[in-house]
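As structure tokens, the structure follows; a few thoughts come after it.
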Amino acid sequence: MPVADKVEQVRQQASEIARSAATPDELMQKMVKLLHERMLKYNWVGFYMLEPGANPPVLVLGAFEGAMTPHVRIPLNQGICGAAASSGQTVVVDDVSKDPRYLACSLETKSEIVVPVFVRGKVVGELDIDSHFPAAFTAEHQELVQYCAILVGKKLESSGR
Ligand code: SME
């Protein structure tokens, strides 16, 4: 299947999950499973959420699929994850070995994307995906992952968060 068709199919499945999930936690669990199962180069998929009230702020591992990571709590001044949350920008790294910010999760990881999740304009967490393939996150993948992050932000908003 061409990548554009696959991306469109998974996008629709993500929308369907967002419609049917009763809570943001259920959506995040189902979303990581969907992306990990359907997108063959998404070898680790997980959410990090800002701990409410933490000072200094810290990202805490939430729903994920893939091998357990040593990075369960990440301060905002560390890692690709910290960079995405503190800037509020999507960060794509085509070759993690060349990025000094990178915190290793698996030795097999070659590329990574981190997309912030917003609630009412504020970063509340992020969707992090690692690939065993270099430069896996081309423009169409970035759009898909950003779309998924928006679905989660909307669900959090409608749940009153
Ligand atoms: N690589 C991330 C850490 C999280 S693990 O990839 C799951 C980073 O550099 O922030």
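The values are calculated or read from the model by the stated rules, or taken from the named source; none is laboratory data. What you see is a predicted model; the values in this text were computed from it and never measured. When we count neighbours, we look across all protein chains shown, and the Cβ atoms used for this are built from the backbone with ideal geometry, even at glycine.
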| field | Test for GLU112: is it of a type in the set (Asp, Glu) and under 12 Å from the mean Cα position of the chain (by Cα) | value | yes
| message | I need a count of the residues in segment 103-143 that are more than 10 Å from the ligand (Cβ to nearest atom), closer than 15 Å to GLU65 by Cα and of a type outside the set (A, V, I, L, M, F, W, C). | response | 2
| query | Of everything in segment 46-63 that's of a type in the set (Gly, Ala, Ser) and assigned to a strand (DSSP E or B), which residue is nearest to the ligand (Cβ to nearest atom)? | reply | GLY46
| message | Given the condition closer than 16 Å to LYS122 by Cβ, modelled with pLDDT of 95 or more, over 13 Å from the mean Cα position of the chain (by Cα) and within 16 Å of the ligand (Cβ to nearest atom), answer yes or no: does some residue in segment 64-85 qualify? | response | yes
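Table: residues versus (1) of a type in the set (Ser, Thr, Tyr); (2) in contact with a Pro (Cβ under 7 Å, 6 or more places away or on another chain); (3) without any contact (Cβ under 8 Å) to a residue 24 or more places away in the chain.
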{"position": "ALA85", "(1), (2), (3)": "no, yes, no"}
{"position": "GLY88", "(1), (2), (3)": "no, yes, no"}
{"position": "LYS98", "(1), (2), (3)": "no, no, yes"}
{"position": "SER111", "(1), (2), (3)": "yes, yes, no"}
{"position": "LYS122", "(1), (2), (3)": "no, no, yes"}
| said: For segment 136-161, which positions are in a loop (DSSP other than H, G, I, E, B) and either surrounded by 14 or more Cβ atoms within 10 Å (Cβ to Cβ) or touching a helix residue (DSSP H, G or I) at 6+ places or on another chain (Cβ under 9 Å) (or both)? | reply: ALA136, PHE137, THR138, SER159, ARG161
| query | Of the residues in segment 106-144, how many are under 18 Å from GLY46 (Cβ atoms), of a type in the set (S, T, N, Q) and at pLDDT 95 or above? | reply | 4
| Count of segment 65-101 residues which are charged (D, E, K, R) and closer than 19 Å to MET28 by Cα | 2
| Within segment 59-77, which residues are farther than 21 Å from VAL32 by Cα and buried (at least 16 other Cβ atoms within 10 Å of the Cβ)? | LEU76
